[in-house]
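Chemist: The structure's right below; bear with me while I get my questions together.
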Amino acid sequence: MTWSKSPAGSGTTAVDADGSGDTGQARLGELGYKQELKRDLSLLSNFAFSFTIISVLTGVTTLYNTGLNFGGPATMTFGWFVAGAFTMTVGLSMAEICSSFPTSGGLYYWSARLSGNRWSPFASWITGWFNIVGQWAVTTSVDFSLAQLIQVIILLSTGGNNGGGYLASKYVVIAFHAAILLSHAFINSLPISWLSFFGQFAAAWNMLGVFVLMIAVPAVATERASAKFVFTHFNTDNSAGIHSNLYIFVLGLLMSQYTLTGYDASAHMTEETKNADRNGPIGIISAIGISIVVGWGYIIGITFAVKDIPYLLSPDNEAGGYAIAQVFYLAFKSRYGSGVGGIVCLGIVAVAIYFCGMSSVTSNSRMVYAFSRDGAMPLSPVWHRVNKHEVPINAVWLSAFVSLCMALPSLGSLVAFQAMVSIATIGLYIAYALPIFFRVTLARKHFVQGPFNLGRYGVLVGWVAVLWVVTITVLFSLPVTYPVTKDTLNYTPVAVGGLFILVFTSWVVSARHWFKGPVTNLSG
């Protein structure tokens, strides 16, 4: 049988041919797609992918230095809820749209359907490329942060920074990064049943890991911070030359906002999820909600073991300035005379980060699969190919390869690398906001709600979500160090602006002539 393509949503109606009663599968047919991926994921598995990508152990651990430097405990404890509350509005709006359009394309498909016939191709093109590049940046930053953590673990295990420990070079770190990506590509080449198992195990590991660390670290520390310090101490002593308390607080929010990213995975996994029009949205909001609760507990627990902020941030400490590693190491060394327990705790975090990267590659590959299914990528037929296990195998390996390439600038300049991975937060949130914006403007009067919806509050929540994304886009583009030089400039607006220029130029020069937005793979 051959399959012809026609504009998505052209009126094709699906029937639940297998009699399973799976409303998500029926809805997929109504949207213009035949089922190509195996629909084996439960609600728990769908939730697990988003929860594992959010991974509070990953985000909080890797950006704890930022939190301590800009505001310290007060910013981290209260800023977490500020970012969490607004992130939930973004998640709720995305969940409502996901319920109406449960496809692997997710955000770019939503933009196409909500922006109207005139703007559909352009809206889809912009959203899709911001989403896919943002996802690649997420995988890059997650796996590179794991490579850096491995570097610190080896340093502490061999004597520490002040005891002749081995500090891996930048070339060894990039080799670690490559090996991690290679293993993630292999795992993601396995059947979806295996990925479901790993995803659920990863979610459990993240959950249990948080509780173990938030209790064990402050419990073994011989000196603990007071509750007043943990909840009210505002650190204004930073080396960035910034003295405004509001400015410091805003910059400290980056830790929280970076962590609470990646929950679009639940949307990208909907074509492999049972009853996706219900379970996909629930996966999004439950992953955010549970992450907010356990993440706050992790921050509070670890911060009770913090005493000397300047020393934790100093590059001359045993962990070479990796604050949370120094906290773990000192807690155990102060009680037992050895920091081995702290190194084991870092191992728990490392495993969580590993699973975060694994799930990120999963989400990446499904986005590549969907975007290439609609002919939006160079060599689309190659990346859309599905193997005998119904896995988009080429999309998996492409995602791993691009993430490796995005890490290579770290060999020349960490500033250039950090600018690139900044797209992981800002670029991805722009992709989140675009379909929500179209839903509350162009589609306000004709948006058809799915089983999960916000009722009359949908437009209000949507506007709050859009305005929050605009706010963080501006805030996180501000300078983070004064005076501003070529080495201290915040290159986030350069990176995000450069991405927009590339995507817009490709549209004007080429894509507008042939890209028509999402297309179906049902027979005509």
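Chemist: Using +1 on the beta carbon of Lys and Arg, -1 on that of Asp and Glu, and nothing else charged, what's the dipole of the range 188-281 about the Cα centre, debye to 20?
Modeler: 260 debye
Chemist: For the pairs K307/K486; K170/K333; K486/K516; K445/K516; K333/K486; K228/K333, flag any whose C-alpha to C-alpha distance is greater than 31 Å.
Modeler: Pairs exceeding 31 Å: K307/K486; K486/K516; K333/K486.
Chemist: Arranged from highest to lowest average of other beta-carbon atoms within 10 Å per residue, in what order do the peptides 228-241, 68-81, 343-356 appear?
Modeler: Order by mean packing, descending: 68-81, 343-356, 228-241.
Chemist: For the ranges 84-95, 455-466, what's the packing order if you count other beta-carbon atoms within 10 Å of each residue, average per peptide, and put the highest first?
Modeler: 84-95, 455-466
Chemist: Sticking with this structure for a sec: What distance in nm separates the two pseudo spin-label positions at L182 and V470, each 7 Å out from Cα along the beta-carbon direction?
Modeler: Going by the 7 Å Cα→Cβ label model, 4.8 nm.
Chemist: Measure off 7 Å from each Cα along the Cα-to-Cβ vector at V494 and S169, then give the distance between these two points in nanometres to one decimal.
Modeler: Output for this residue pair reads 2.7 nm.
Chemist: Percent of accessible area on the chain owned by carbon and sulfur, 1.4 Å probe?
Modeler: Reported share for carbon and sulfur atoms: 68 percent.
Chemist: Cβ neighbours within 10 Å, averaged per peptide: list 431-438, 218-225, 45-52 in order, most packed at the top.
Modeler: So the order, starting with the most tightly packed, is 45-52, 431-438, 218-225.
Chemist: Can you give the three extents of the C-alpha atoms in the chain along their principal axes, from longest to shortest, in whole Å?
Modeler: 72, 45, 42
Chemist: Oh, and also: With the other protein chains left in place, how much accessible area per residue, in square angstrom, belongs to the range 288-420 at a 1.4 angstrom probe?
Modeler: On a per-residue basis, the range 288-420 sits at 34 Å².
Chemist: For A227 and F211 in one chain, what is 0.36 nm times their gap in residues minus the Cα-Cα distance, to one decimal in nm?
Modeler: Length gained between A227 and F211: 3.9 nm.
Chemist: Roughly how big is the chain's charge dipole about its Cα centre, with Cβ charges of +1 (Lys, Arg) and -1 (Asp, Glu), in debye to the nearest 20?
Modeler: 760 debye
The values are calculated or read from the model by the stated rules, or taken from the named source; none is laboratory data. Note that this is a predicted model, so its numbers are computed, not measured. We place every Cβ from the backbone using ideal geometry, glycine too, and count neighbours over all the protein chains shown. The area values use the complete protein model at the heavy-atom level, side chains included, leaving out ligands, DNA and RNA. Shrake-Rupley method; radii C 1.70, N 1.55, O 1.52, S 1.80 Å.
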